[in-house]
Amino acid sequence: MAPRAPTSKKRSSRASHNRDSGYRYRGNTSSSAPIFDDEGDDPAKIELLGVSLPNPLSYLRNNNNFSSLTNATNWTPTRIILFGGVTAILLAPLFDAFLRESLAFLRGSSGADDANGIIGDALPHVTNDGKFHGRYPNSLLTLFFPYTLFRDVVLDQPVDPNDVPFFWHAHVSDETAVKAVLTKCYEADLVELNTVEDIEKARRLNLVSTLVSQDRVGAGAINKEKLYNGQRRKPLVIASPHVKEAAELFSQDNFGRTFSFYRHPIDYDVHPNLKKKLPPEAGANNFMTRLLSGVHTGPLGYKELGIGKQVIRQATIAGTRDLMAESLFRFGKYYGWVPAGGEGTKESEKKDDAIAMSCIEDIIKDVPGERYADHNSPEWKVFYKANKLDCQLYEIARSTWRAQIQTIIPLPLQKQRAGEGDDDEKEDEEEEEAQR
C-alpha cells in the first residue's frame, strides 16, 4: 500500500486536535460536530457556522509569524483588524475602570453624597431633600426650587393624605380674615411661622415629620374618624408670610399644598415681617415678583416674572380679594374639610356646604374690597411703569382663579374620578361577593 500523502497526515492531525479540543456544537441529534472546521485546503481560513473567516490560530501555530509581525510590510488589513480587535477587547475593561475612577475623583464624590442620594454630576437628579443637582443651571427644577416641594394643585389630584395644607399670607388683612375662617368655620389647628427664625427652628426640629408621627397630618389623622371620601375635621394648617423659606420645610414624602390670596399692587398690605426681611429698595417696585423670585435688588426680567407665574398657576389655589367668600369655600371643598357642625357624610353634603358658606360670609362681611384707579390718570401711568410685572402677576392670578372653577374640584369628586371613592370600594366588595 502506498504511503499516505503528507498533506493527509496534516489534515488528520488537525482533525484529531479539533476533536480533542472540546469545541463542539451540541444540536438536537446525538452526534456532535466541531465548531471550527479547518479541513479545507487553506489553513489560514476557518469555517464558523458556515461562514469563512481568517483563522487566528494559524498565526499562533507558526512561530515564524511572531517574528514577521515586527516587519511593517507584513501588516495586512486582515491582521490589523484581527489583532486590533483582540487588543481593544482586552483593554476595554481597564480603560472603563480608569475613566470611572477619574470622573469620581474630579467630582469629589463621597460617602455622604451617596447617603443623600447623590449619584454624581453626570446626570441631573433630585436628592432626598428635594434639591435638584445637575449640569443644567437653567433647568426648571433648578429655577423653581424650593417651590418644587409644593404640589401641582391641579395635576396632583386627588389630594394625597400625606400632603400638608399651607397658607401663604403676604398681606395683613388677608391673614386676619382667612385665619378667622379657618379657626371658627373649620376648627383648624394653625401652626404659625411668622418669622424666618420660626421657620429655621421648625426645620431644625423636623416639624413636618414630627406632626406626621403624632398623626396630626397624614393618613393617621384622616383614619381617626372615617368620613365620606377622605374628608376630615379640624385640619392642621401651616401658615407663614415667608413662602420661599417655608417651602423647604416640606419633603418628597410630605409635599405642601398651598393656597393664597392675590391682590392688585395698588391694594398691597404687606406683612410687617416681610418688610423687615427685605431691603428697602425691594418694596419700591414689583414687590411680589421680587419676593417670589428672590431677586430683591436690581432689574427684573422675564425669568423672574416666569417664576412668579409658575408659583401662582401651578403651586397655589388662587384666591382674589373681590371674591373672598367663594375662594375660601373652594379651599375648604378642595381639601375636604368638614365645617364645624357638619357631618361629613354623602347625604349631608348640601347641609355641610350651607353651614360653611354661612360661616364664611358672616366673618368676611366687614373685610374691605378692592380699590379702583383711573387708568388714564398720570399717577396711574407712573405707578404702572414701576410695577408692571406685579400687575401682570395679578392678571395671571385672576385668570388662574377663573380656570380653577373647573380644575379645583371637591375632594369627594376627586376620589370618585380617580376610582378611589367609598362608593367604588363598596361596588368592588359587592362584585367580589357575587363572584363567590
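The values are calculated or read from the model by the stated rules, or taken from the named source; none is laboratory data. Treat the numbers as computed from the prediction; the structure is a model and nothing was measured. Note: ideal-geometry Cβ built from the backbone for every residue, glycine included; neighbour counts use all protein chains shown. Keep in mind that these areas ignore ligands, DNA and RNA; they rest on the heavy atoms of the full protein, side chains included. Shrake-Rupley method; radii C 1.70, N 1.55, O 1.52, S 1.80 Å.
Which of the helices (runs of 4 or more DSSP H) found entirely inside region 191-257 contain at least 1 residues meeting this: over 22 Å from residue 293 (Cβ atoms) and not hydroxyl-bearing (Ser, Thr, Tyr)? Can you show your working first?
Details: elements: 196-204, 207-213, 219-222, 243-247.
Of the helices (runs of 4 or more DSSP H) lying wholly inside region 191-257, those with at least 1 residues that are over 22 Å from residue 293 (Cβ atoms) and not hydroxyl-bearing (Ser, Thr, Tyr) span 196-204, 207-213, 219-222.
For region 369-384, a residue qualifies if it is assigned to a helix (DSSP H, G or I) and loosely packed, with under 10 Cβ neighbours inside 10 Å, and the qualifying residues are 378, 379. What are the residues in region 399-417 that are open to solvent by less than 50 Å² (accessible area, probe 1.4 Å) and either under 22 Å from residue 222 (Cα atoms) or at pLDDT below 90 (or both), if any? Hits for region 399-417 are 408, 409, 410, 411, 412, 414, 415. Of everything in region 279-296 that is part of a helix (DSSP H, G or I) and either among the acidic types (Asp, Glu) or at pLDDT 85 or above (or both), the residue that is most open to solvent (accessible area, probe 1.4 Å) is 281.
Listed conditions (1) touching a residue at least 60 places away in the same chain (Cβ under 8 Å); (2) part of a loop (DSSP other than H, G, I, E, B) are all met by residue 389, apart from (2). Which one is nearest to residue 161 (Cα to Cα) among residues in region 316-368 that are assigned to a loop (DSSP other than H, G, I, E, B) and of a type in the set (S, T, N, Q)? The selected residue is 345.
Among the residues of this structure, residue 391 counts as one that is closer than 30 Å to residue 299 by Cβ, surrounded by 14 or more Cβ atoms within 10 Å (Cβ to Cβ) and over 26 Å from the mean Cα position of the chain (by Cα). Among the residues of region 326-348, is any more than 28 Å from residue 221 (Cα to Cα) and open to solvent by 50 Å² or more (accessible area, probe 1.4 Å)? Looking through region 326-348, none of the residues is more than 28 Å from residue 221 (Cα to Cα) and open to solvent by 50 Å² or more (accessible area, probe 1.4 Å).
The residue list 217, 172, 208 contains one member that is among the β-branched types (Val, Ile, Thr), on the phi < 0 side of the Ramachandran plot and either at pLDDT 95 or above or touching a helix residue (DSSP H, G or I) at 6+ places or on another chain (Cβ under 7 Å) (or both), which is 217. In region 186-209, the residues that are among the charged types (D, E, K, R) never reach a residue that is open to solvent by 30 Å² or more (accessible area, probe 1.4 Å) and in a strand (DSSP E or B) with C-beta atoms less than 6 angstrom apart, at least six apart or across chains. Criterion applied to 155, 227, 190 was being closer than 20 Å to residue 333 by Cβ and either open to solvent by less than 20 Å² (accessible area, probe 1.4 Å) or small (Gly, Ala, Ser) (or both), and the one residue passing it is 227. Among the residues of region 210-224, those identified as in contact (Cβ under 8 Å) with a residue 24 or more places away in the chain and open to solvent by less than 60 Å² (accessible area, probe 1.4 Å) are 211, 212, 217, 218, 219, 221, 222.
Under the condition of being under 32 Å from the mean Cα position of the chain (by Cα) and β-branched (Val, Ile, Thr), the residues counted in region 252-274 number 2.
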